[in-house]
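Okay, structure first, notes after.
The values are calculated or read from the model by the stated rules, or taken from the named source; none is laboratory data. Model, not experiment: these values are computed from the prediction. Every residue, glycine as well, gets a Cβ built from its backbone with ideal geometry; the counts of neighbours run over all protein chains shown.
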């Protein structure tokens, strides 16, 4: 019996995407390759539909139509928007898909590669915090339409990526054990001869290194950090994780959070929420939902929350909280 | 060990038992071994005369010793021509064991080898046990 690893890499959603599928049946090779091409097409399609950086995307059209009454939207946008509003509800509003205006005011108003790393401070007044504003969005299941208030705009970047990762992993799973990774948001379904997938966990302060190894038998991993996408305006260091309670970049005690969850959407949302909440609230959030996480504080301290399936953590200033 | 006996020697001497039960030896054909030398004739002349029984014992001993010598010479000549059977059998057992087991291990590797797809970029190491010898990918900050 010959076991084959099929692997496909491409770029989508402004990040690198990898898809791995194991197969013990050579006759499935053509199906797997077709499945990988389908996966690449799906990522491209979701990006075209949900990117806030594309003026022609369904999301951009909806944002432009904010305040103009109910708008019928595409099935994909509907599905991801419903998932985002569920996450907002489940996190008590800490995850908020309506922070786009605050994010743009902070300087993240174009693709990150095009952002000036250092610039003058924004003189215009910041928009009012949108905490709990997501509750004002009206959905109509019958017509699949959305009524978006005029002062809100949606950003579905992170959760759209997680949704696509989950969708591809589940769709390809009948062909064999599968791993899908989109910029660090990853999902596995199935194992190879019962052996877990080894996944490196990036060292937060030295991103070229791994600080831990996760042996993933199922579920998803996602990592969020305030150190990745950051820029300077005036004398302020800003980043892309907005605290909806303040409308500005989160200013907690955590620098990076890696979360293990049953699916990529949950992992992606939880990583951002914990980063905003900080060590105290973040730990409670993880434990209450039976997730697990690896936290790194801004001072370098590390904390394992729950049963995070890791090994070989660099043994410095770490402690365990279960 | 194989001992080769010259067929001519068996034809050279026949031992028969007569009706009286006395053992006699007679020459039925010329011996192809070296004939008696002059010194041998002299030695034979010095033997006690008239003893037929004693003379038969001498011939018997002489033939046995000669045939034994020829046999030894033949064996030596044979052994230089090809290796002893015993050596041929022992040789494989003394060969290095890795050489003997290498083919089986190689087959095992072939059965578990993962063919690389054309689109392969980063791959873990070859899959013995465990399947993965390095992280497949990494979760990184976003």
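Here are some notes:
- Residue that is nearest to the other protein chains (Cβ to nearest Cβ), among those in segment A:216-228 that are more than 21 Å from residue A:299 (Cβ to Cβ) and outside any strand (DSSP E or B): A:217
- The listed residue being in a helix (DSSP H, G or I) and within 17 Å of residue A:143 (Cα to Cα), out of A:42, A:62: A:62
- Qualifying residue in segment A:277-288 (condition: in a strand (DSSP E or B), more than 26 Å from residue A:127 (Cβ to Cβ) and in contact with a helix residue (DSSP H, G or I) (Cβ under 9 Å, 6 or more places away or on another chain)): no
- In the set (1) modelled with pLDDT of 95 or more; (2) touching a strand residue (DSSP E or B) at 6+ places or on another chain (Cβ under 6 Å); (3) farther than 30 Å from residue A:125 by Cβ, residue A:253 fails one condition alone, (3).
- Just one of (1) outside any loop (DSSP other than H, G, I, E, B); (2) away from chain B (no Cβ under 13 Å); (3) modelled with pLDDT of 90 or more fails for residue A:213. It is (2).
- Qualifying residue in segment A:14-37 (condition: touching a strand residue (DSSP E or B) at 6+ places or on another chain (Cβ under 6 Å) and assigned to a helix (DSSP H, G or I)): yes
- Candidates A:28, A:101, filtered to the one that is more than 12 Å from chain B (Cβ to nearest Cβ), modelled with pLDDT under 95 and within 26 Å of residue A:245 (Cα to Cα): A:101
- Given (1) in a strand (DSSP E or B); (2) touching a residue at least 60 places away in the same chain (Cβ under 8 Å), index of the condition residue A:259 fails: (2)
- Taking segment A:154-180 as the range and being more than 9 Å from chain B (Cβ to nearest Cβ) and closer than 15 Å to residue A:260 by Cα as the test, the residues that pass are A:162, A:165, A:166, A:180.
- Segment A:181-203: number of residues that are more than 7 Å from chain B (Cβ to nearest Cβ) and either assigned to a strand (DSSP E or B) or at negative phi (or both): 7
- Output for segment A:1-24, where each listed residue is more than 23 Å from residue A:183 (Cβ to Cβ) and either crowded, with 16+ Cβ neighbours inside 10 Å or free of Cβ contacts under 8 Å to residues at least 60 places away in the same chain (or both): A:1, A:2, A:3, A:4, A:23
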